[in-house]
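Below is one structure, written out as structure tokens, with a few remarks after it.
All of the numbers you see were taken from the coordinates with simple rules; none came from a lab. What you see is a predicted model, and the numbers here were worked out from it, not measured in a lab. All Cβ positions, even for glycine, are placed from backbone atoms using ideal geometry, and neighbour counts span all protein chains on display.
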Amino acid sequence: MAFTAQDVKNLREKTGVGMMECKKALTEADGDMDKAFEILRERGLAASAKKASRIAAEGAIIAFTDEDSKTTVLLEINSETDFVGKNDKFQEFGLNVAKTIAANKPASVEELASLQLVGSDRTVEESLHDLILVIGENLKIRRYEIIEGDVVTYIHGGGAVGVAVKFETNLNDKAEFVAMGKNIAMQIAAMSPEYLGKDSISADELAKMKSITIDSSLNKPDSLPKPILNKLIEKACSEKLWSDEDIAAYEEQKKSPYLFNFLSKEAVATLAELAIAGKEEFINDKIFAGAVEGRIKKQIKEICLLEQAFVRSDLFDGTVAGYVAQVAKTTGADINVVSFVRLVKGEGLEKREDNFADEVASMMK
């Protein structure tokens with residue numbers, strides 16, 4: 001059965017596959033449009049299998065909120081190149097996957113794969129294979145989060161980072177709620193907090209943080225309180241644990257605030273060893289303990305959202321918790337930040353390394 005250029009065009013519009021692939025499929029199907037369509041679908045599966053081992057660490061984070069059910073989905077879909085993550089077909093597919101998740105609340109990516117994709121008569125997995133054939137890259141649905149309730153989302157950098165923040169509030173003004181929520185979501189995107197507040201940190205995590213802080217402090221002699229540092233230096237000198245050159249440098253520069261610039265790496269390492277060896281003594285020292293507590297408080301301000309300095313100082317000069325309290329006071333509403341999710345595209349995945357010169361050279365052979 002013969003086929004025309006219009007048939008090729010129609011098949012392309014129906015599948016999104018390139019003109020040459022459509023022509024090949026119609027030739028193989030002897031002009032039968034339905035058969036050609038099935039051939040392309042089968043090739044989609046074959047293409048997926050061939051591309052499955054290729055690194056896909058780009059793509060995009062996509063957000064969707066079903067206002068009726070108050071269900072929000074934050075979804076990561078990966079591609080091989082950043083360019084594809086901005087592709088309209090990729091974005092449309094991602095949005096439909098997010099809608100499918102919101103409607104069905106699957107427990108896993110594997111369960112999601114077997115569901116019928118919203119707006120399609122195909123499953124999510126089949127539609128993904130179709131898209132791989134169209135785009136020509138390995139694509140993977142990596143992970144998603146489902147958050148129910150009053151949620152505000154923010155996507156940064158065209159899908160590089162996605163944030164969803166959940167609130168408990170009786171603030172009725174939708175515009176004010178979204179504006180406040182977006183400011184906090186932007187804070188999370190920029191400052192990468194690990195916890196909501198200091199109360200979210202468990203006793204075990206605090207103990208681990210304290211242990212790490214103590215060890216890191218002892219391993220940095222120049223940051224130790226003066227009385228402890230002087231005791232360590234006295235021991236290093238009196239017991240000849242330092243070289244004659246370092247002892248001489250110390251005697252000459254001991255009053256200088258830049259003493260450590262004149263000591264060798266070996267001398268500094270010796271001080272650190274002495275500090276670690278005297279750990280049990282130093283952790284009971286009030287000055288040292290106070291310095292450690294100060295560092296822990298500083299860490300908490302950095303890793304806890306509500307304790308962080310609010311980045312939009314043009315709106316409020318203080319902590320994030322203070323900003324929320326101000327909005328609550330101004331609006332007369334009760335507002336609490338309940339939780340947040342922050343997804344970073346490709347986080348923890350092996351990145352593809354392209355050598356443009358080699359690629360061009362291979363094309364010229």
Only loop residues by DSSP count here, and only those with at most 10 other Cβ atoms within 10 Å; note down the chymotrypsin sites (Phe, Trp or Tyr not before Pro) in region 251-333 that meet that. TYR258
Among VAL134, ASN78, ILE283, which residue has its Cα furthest toward the positive end of the charge dipole of the chain, with +1 on Lys/Arg Cβ and -1 on Asp/Glu Cβ? ILE283
Between GLU234 and ALA289, what's the calculated FRET efficiency when r is the beta-carbon distance and R0 is 22 Å? Round to 0.05. 0.55
How large are Rg and Dmax for region 203-303 when only the alpha carbon atoms are used, in Å? 14.8, 47
Would you give the gap between the C-alpha center of region 92-133 and the C-alpha center of region 143-222, rounded to a whole Å? 29 Å
Could you work out Rg/(2.2 N^0.38 Å) for region 136-290, with Rg from alpha carbons only? 1.70
Whole-Hz ³J(HN,Hα) from phi, Karplus 6.51 cos²θ - 1.76 cosθ + 1.60, for region 265-280, glycine and proline x: 4, 5, 5, 5, 5, 5, 4, 5, 5, 5, 5, 5, 5, x, 3, 4
Farthest toward positive dipole pole in the chain [+1 Lys/Arg, -1 Asp/Glu at C-beta], among LEU40, PHE167, ILE228: ILE228
Can you give me the relative contact order of the chain as a percent, contacts being Cα pairs under 8 Å and 6 or more apart? 19 percent
Cα centre as origin, Lys/Arg/Asp/Glu Cβ charges: region 96-200 dipole, Debye: 200 debye
In region 158-253, which GluC sites (Glu not before Pro) fall in coil by DSSP and have 11 or fewer other Cβ atoms within 10 Å? GLU239
Take the Cα of GLU302, step 7 Å along the line toward its Cβ, and report every residue of region 212-254 whose backbone nitrogen sits under 14 Å from that point. 212-214, 216-217
The chain, helix-only ellipticity at 222 nm - DSSP H runs n ≥ 4, -39,500 (n - 2.57), divided by all residues, nearest 500: -16000 deg cm²/dmol
Order by neighbour count: CYS237, CYS22, fewest other Cβ atoms within 10 Å first, most last. CYS237, CYS22
Options [x] 23, 43, 24, 9, 1; [y] 22, 36, 29, 12, 2; [z] 30, 57, 13, 0 are given for P(r) over Cα pairs in 20 Å bins from 0, in percent, and the computed one is [y]
Compute the distribution of all C-alpha to C-alpha distances in region 55-148, in bins of 5 Å from 0, and list the percent of pairs in each, rounded to whole numbers. 3, 15, 27, 27, 18, 8, 2, 0
GNM result for the chain, Cα springs below 10 Å: residue of ALA113, ALA248, ALA185 fluctuating most strongly: ALA248
